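One structure is given below, encoded as structure tokens.
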Amino acid sequence: MKVRILVSLKNSVLDPQGQAVKNALLTLGYDSVKDVRQGKVFELELEGISHDDAERIIPEISDKVLANPIIEKFSWQILEKD
Amino acid sequence: MKFGVVIFPGSNCDYDTLYVLKDVLKQKTLFLWHKEHDLKNVDCVILPGGFSYGDYLRSGSIAAFSPLMQEVKEFALKGGLVLGICNGFQVLLELGLLPGAMLRNKNLKFLCQFVHLRVENEATPFTNKAKKSQVLRIPIAHYDGNFFSPPDKIHEIKKNNQVVFRYSDAKGQLSEDANVNGSLESIAGLRNKEGNVMGMMPHPERASEVLLGSEDGRIIFDSIIHWLGNRGG
């Protein structure tokens, strides 16, 4: 089973890297860009686990390790089922 | 009285810290390897600066899961003295021993320079040799030192007198310019509620001899020695 987890800074937290990317895009003339938030993508390959168990451990892994819940939020999706 | 300096893969201030404690301050000091499970009866654990595990994932995050850190956590919860310097501070935040998190510096630059720190709390095991509002000159060297905490937590941190150092100018005045990395409330150093764990972004071990441009950093180590001595450690 392949899972994609997206981690990014919470909306309430300033994202200086996203701001720098936004400014670069505006410099290039992409005037329609109103905001940029930068994040991280994790792709996990899971083996020997049921769909229900995967749904249980993915948020656990994200909360405990992949994201720092003080500043970051996460979302995830299952890309391929076994 | 015995000090332990933890080494993670990627620590790079471990020898500087050991040198100051052992050679400058003549204290019994040993290294603790991150894979060990034994703190070897040290009285104070120091997490040195560097880039533990290459700062992969988030600064300090992987180090927080190492075997020795579980022992350090237990030691801290029992009241043991723990000091985290720079990357060590980041590890303490990731471990949850100190509140908050670090964001990238506001100007997106790695900052390596002397800064001024105003002592906000001199009644700690780490600052008892300093005077209230004393200004210390100690260098910083970091990319992720922009302290952040949600509004409800920062209220609690201030209420509990947990702010130990703030970035200031040479006269002790706070300003946006003096707050080089953009930290919330200019916070440069923080202690836990109980007072036995402290993290600071500046490097006292790099400012403990006149030859290096400042010996203000010694105040931190001298304070620990004084505190442990009084406790009979």
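Of all residues in segment B:108-128, those satisfying the criterion of being away from chain A (no Cβ under 14 Å) and part of a loop (DSSP other than H, G, I, E, B) are B:Glu120, B:Asn121, B:Glu122, B:Ala123, B:Thr124, B:Pro125, B:Phe126, B:Thr127, B:Asn128. Please identify the pairs in which a residue from segment B:55-68 that is closer than 9 Å to B:Glu94 by Cβ has its Cβ atom under 6 Å from the Cβ atom of a residue that is of a type in the set (D, E, K, R), counting only partners at least 6 apart or on another chain. These pairs meet every condition: B:Ser59/B:Asp144; B:Gly60/B:Glu94; B:Ser61/B:Glu94; B:Ala64/B:Glu94.
Per-residue answers, yes or no, for (1) modelled with pLDDT of 95 or more; (2) buried (at least 22 other Cβ atoms within 10 Å of the Cβ); (3) away from every other protein chain (no Cβ under 14 Å):
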site	(1), (2), (3)
B:Asp152	no, no, no
B:Gln162	yes, yes, yes
B:Tyr167	yes, yes, yes
B:Ala170	yes, no, yes
B:Glu194	yes, no, yes
B:Met201	yes, yes, yes
B:Leu211	no, no, yes
B:Ser214	yes, no, yes
B:Phe221	yes, yes, yes
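Kindly evaluate B:Leu117 against the criterion of being buried (at least 19 other Cβ atoms within 10 Å of the Cβ) and aliphatic (A, V, I, L, M). Criteria met by B:Leu117. Regarding B:Val20, is this residue among the hydrophobic types (A, V, I, L, M, F, W, C) and in a helix (DSSP H, G or I)? Yes. Among the residues of segment B:167-186, which ones are farther than 19 Å from B:Pro151 by Cα, hydroxyl-bearing (Ser, Thr, Tyr) and in a loop (DSSP other than H, G, I, E, B)? Across segment B:167-186, the qualifying residue is only B:Ser175. Within segment B:173-183, not a single residue is open to solvent by 10 Å² or more (accessible area, probe 1.4 Å) and under 15 Å from the mean Cα position of the chain (by Cα). Scanning segment B:206-233 for residues that are part of a helix (DSSP H, G or I) and closer than 19 Å to B:Val42 by Cα gives B:Ile220, B:Phe221, B:Asp222, B:Ser223, B:Ile224, B:Ile225, B:His226, B:Trp227, B:Leu228, B:Gly229, B:Asn230, B:Arg231. With respect to the conditions (1) in contact with a helix residue (DSSP H, G or I) (Cβ under 9 Å, 6 or more places away or on another chain); (2) outside any strand (DSSP E or B), B:Ser133 falls short on a single one, namely (1). For segment B:23-107, the strands (runs of 3 or more DSSP E) that sit wholly inside it and include 1 or more residues that are open to solvent by 10 Å² or more (accessible area, probe 1.4 Å), away from chain A (no Cβ under 11 Å) and among the β-branched types (Val, Ile, Thr) are B:28-33.
The values are calculated or read from the model by the stated rules, or taken from the named source; none is laboratory data. All of these numbers come straight from a predicted model, not from anything done at the bench. All Cβ positions, even for glycine, are placed from backbone atoms using ideal geometry, and neighbour counts span all protein chains on display. The protein model used for the area step is the full one, side chains on, heavy atoms only, and it has no ligands, DNA or RNA in it. Shrake-Rupley method; radii C 1.70, N 1.55, O 1.52, S 1.80 Å.
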